[in-house]
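This report refers to the structure that appears directly beneath it.
The numbers here are math on the coordinates, done by the rules we state, and not lab data. Predicted, not measured: the structure shown is a model, and the values here were computed from it. A quick note on method: Cβ atoms are made from the backbone with ideal geometry, for glycine too, and the neighbour counts reach across all protein chains shown.
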Amino acid sequence: MESTVTPLGGGVYEIDTRMAGYPGITAGYLILSDRPCLVEPGTAGSAPVVRRALDELGVGAADLATVVVTHIHLDHAGGVGDIAEMYPEAQVVVHEKGARHLASPERLMRSARMVYGSKLDTLFGELKPTEQARIHAVEETGVIDLGGGRRLESYYSPGHAKHHVGLLDSQTGDLYVGDAVGVYIPETKDLRPATPPPDFDLKTALGSLRKFRELGPQRLLFAHYGPVAEVDDTLERSAEELRAWVDMVKDARDAGLDLDHAVAMVRDRTRERYAFDWDAVDPGQTAKYEILEGTESNVQGIMHALDRQDR
């Protein structure tokens, strides 16, 4: 079977976690330090892929020290329960606002099934509960011991989700950005926002981007997808994209457009904004990128935020 592992230097390995079977859609990362740490295990369906990757890297069932998620959306954390079962010594680290959902995922899964319906099982699978005693909740900041004096420092970074953290490696300067910086498409170097309901908030999201810049990272590691070395330019572009999309949705809303027409308008306006040509790709690729960065989800999230402001 083809390897899903790419070495990135500094003891960091990218793992293509193959969400819904697609390559290049969700990335997890193994920090192969004295205390090995898995960042972003991906979906429940990704768990066997992650296990094969860790086997390839020589990390056995008793070796993994920590599993960390940037937030509890199912494309990032859906596999936590499965991975916790496979690696019984690993502590699970999550922001305090997401911790209860990893211990008791029933409410989260009900909400997800309302949104995704029959697609949920194919896209994500079922998030299994993790023992409460194994969950370590972080707050505004936190520290994960990677061994040998190396640390992974967590920084609360809401805006995309109220339970989101960024993670900075003290040795490499890598910043694991989750979805707070958006979706990076390595084939074209496009950067598109991630603004799903119900938590998106423009002011909060821009504040998190400023915080990331102040941390002075050397590289950004995207869950969607991969490493980016142009840190300042990418963070600036992320803020620009957020503002542009919010302005577009405001225009649609002011024109009285319903969701379907607002989505169509935004798709039309963004067609020239990105190198990625939706009309030039096959339907399978289009499906992949709609999962990666769904325009409808983004517009819904921004609409929800604008409605909240008006209340």
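In this structure the amide hydrogen of V138, modeled in the peptide plane, comes within under 5 Å of the amide hydrogens of V94, H95, E96, none closer than 5 places in sequence on its chain.
Counting pairs of alpha carbon atoms under 8 Å apart in space and at least six apart in sequence, what relative contact order in percent does segment 5-238 give?
Numbers: 532 pairs, mean separation 38.1, N = 234.
RCO, segment 5-238: 16 percent.
Overall, the chain carries a charge dipole of about 620 debye about its Cα centre when +1 sits on the Cβ of Lys and Arg and -1 on the Cβ of Asp and Glu, all other atoms neutral. Ranking S170, H304, S104 by how far each Cα lies toward the positive end of the dipole of the chain (charges on Cβ) leaves S104 at the top. When the alpha-carbon atoms of the chain are used, the pair Rg, Dmax equals 18.5, 58 angstrom. For segment 93-104, putting each phi into the Karplus relation 6.51 cos²θ - 1.76 cosθ + 1.60 with θ = phi - 60° gives couplings of 10, 7, 5, 4, 6, x, 4, 5, 6, 6, 6, 9 Hz, in residue order, rounded to whole numbers and with x for Gly and Pro. Compute the acute angle (0 to 90°) between the alpha-carbon long axis of helix 231-254 and the principal axis of greatest extent of the alpha-carbon atoms of the chain; round to the nearest 10°. Relative to the chain, helix 231-254 is tipped by roughly 40 degrees. Each 5 Å bin from zero holds the following percent of Cα-Cα pairs in segment 34-171: 2, 11, 21, 23, 21, 14, 6, 2, 0, 0. If I fit a long axis through the Cα atoms of helix 283-292 and take the longest principal axis of the Cα atoms of the chain, what angle between them do I get, 0 to 90°, rounded to 10? So the helix axis and the longest Cα principal axis differ by about 80 degrees.
Rounded to the nearest 10 degrees, the inclination of helix 47-56 to the longest alpha-carbon principal axis of the chain is 50 degrees.
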